Amino acid sequence: DQALARQFGARGTPNFFINGRNLVGAQPFPAFKTIIDEELKKAQALVARGIPANKVYEETIKNGKIIEPLASQVFEFDYKDGNIKGEDSATVKIVEFSDFQCPFCSRVGKPLMDVVEHYKGKAAVYFKHFPLSFHKEAKPAAIGSNCAKKQGKFWEYHDAVFAGQKQLK
């Protein structure tokens with residue numbers, strides 16, 4: 001995940017890609033809502049032009065076009081083996097690069113879950129690990145989350161670690 005983050009220019013946490021559009025920092029729900037509403041509007045226009053619903057995401061990212069003032073580059077991700085919250089068939093896909101010890105990362109859990117709930121079936125969040133080198137407990141926490149994932153408990157682990165982040169050892 002860290003190599004992937006570097007490949008797409010994510011240098012800090014939290015870092016999000018919404019249908020390939022980069023959004024940086026611990027953002028509140030309205031910041032996500034603005035971009036998601038734009039993406040859904042674009043998706044509706046594509047369907048109206050005859051693009052099948054299951055091909056909208058592919059069509060959305062193929063030319064790498066976005067609406068400013070966000071970054072001028074759009075990135076395409078492989079979502080296999082992702083830690084997903086929401087439906088994999090969602091029109092809007094948010095990739096979060098995060099660090100379990102980052103205090104800013106712990107602040108975005110609720111806004112992201114609000115996004116998934118508000119856009120039920122239309123938006124999904126994919127968690128990617130990006131443990132920062134100066135957070136000594138972040139890498140062990142990421143390894144622990146992979147163990148939790150094998151047990152079908154990634155999101156429970158995710159929520160528990162962020163809730164008890166100050167006690168992370």
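The values are calculated or read from the model by the stated rules, or taken from the named source; none is laboratory data. Since this is a predicted model, take the numbers as computed values, not measurements. Cβ: placed from backbone, ideal geometry, glycine included. Neighbour counts: every protein chain shown. Side chains included, ligands, DNA and RNA excluded: accessible areas come from the protein's heavy atoms. Shrake-Rupley method; radii C 1.70, N 1.55, O 1.52, S 1.80 Å.
Can you list residue pairs whose Cβ atoms sit under 6 Å apart, with the first residue in segment 27-43 being within 14 Å of Lys93 (Cα to Cα) and free of Cβ contacts under 8 Å to residues at least 60 places away in the same chain and the second being among the hydrophobic types (A, V, I, L, M, F, W, C) and open to solvent by less than 10 Å² (accessible area, probe 1.4 Å)? Count only pairs 6 or more apart in sequence or on different chains.
Ile35/Ile18; Glu39/Val92; Ala43/Val56
Give the number of residues within segment 1-41 that are buried (at least 19 other Cβ atoms within 10 Å of the Cβ) and in a helix (DSSP H, G or I).
Residues flagged as buried (at least 19 other Cβ atoms within 10 Å of the Cβ) and in a helix (DSSP H, G or I) within segment 1-41 amount to 5.
Take the residues in segment 73-120 that are small (Gly, Ala, Ser), open to solvent by less than 90 Å² (accessible area, probe 1.4 Å) and within 22 Å of Lys62 (Cα to Cα); name whichever of them is modelled with the highest pLDDT. I'd like the intermediate steps shown before the answer.
Keep residues of segment 73-120 that are small (Gly, Ala, Ser), which gives 82, 86, 89-90, 98, 106, 109.
Remaining after also requiring open to solvent by less than 90 Å² (accessible area, probe 1.4 Å): 82, 86, 90, 98, 106, 109.
Now narrow it down to the ones that are within 22 Å of Lys62 (Cα to Cα): 82, 90.
Values: Gly82: 74, Ala90: 89.
Once the filter is applied, the top-ranked residue is Ala90.
Any chance you could count how many residues in segment 122-155 are over 16 Å from the mean Cα position of the chain (by Cα), surrounded by 12 or more Cβ atoms within 10 Å (Cβ to Cβ) and of a type in the set (D, E, K, R)?
Qualifying residue count for the region: 5.
For segment 159-169, what are the residues that are within 10 Å of Gln101 (Cα to Cα), part of a helix (DSSP H, G or I) and aliphatic (A, V, I, L, M)?
Of everything in segment 159-169, just one residue is within 10 Å of Gln101 (Cα to Cα), part of a helix (DSSP H, G or I) and aliphatic (A, V, I, L, M), namely Val161.
So Leu46 clears everything in (1) modelled with pLDDT under 90; (2) in a loop (DSSP other than H, G, I, E, B) except one condition, right? Which one?
If we test Leu46 against (1) modelled with pLDDT under 90; (2) in a loop (DSSP other than H, G, I, E, B), just (2) comes out false.
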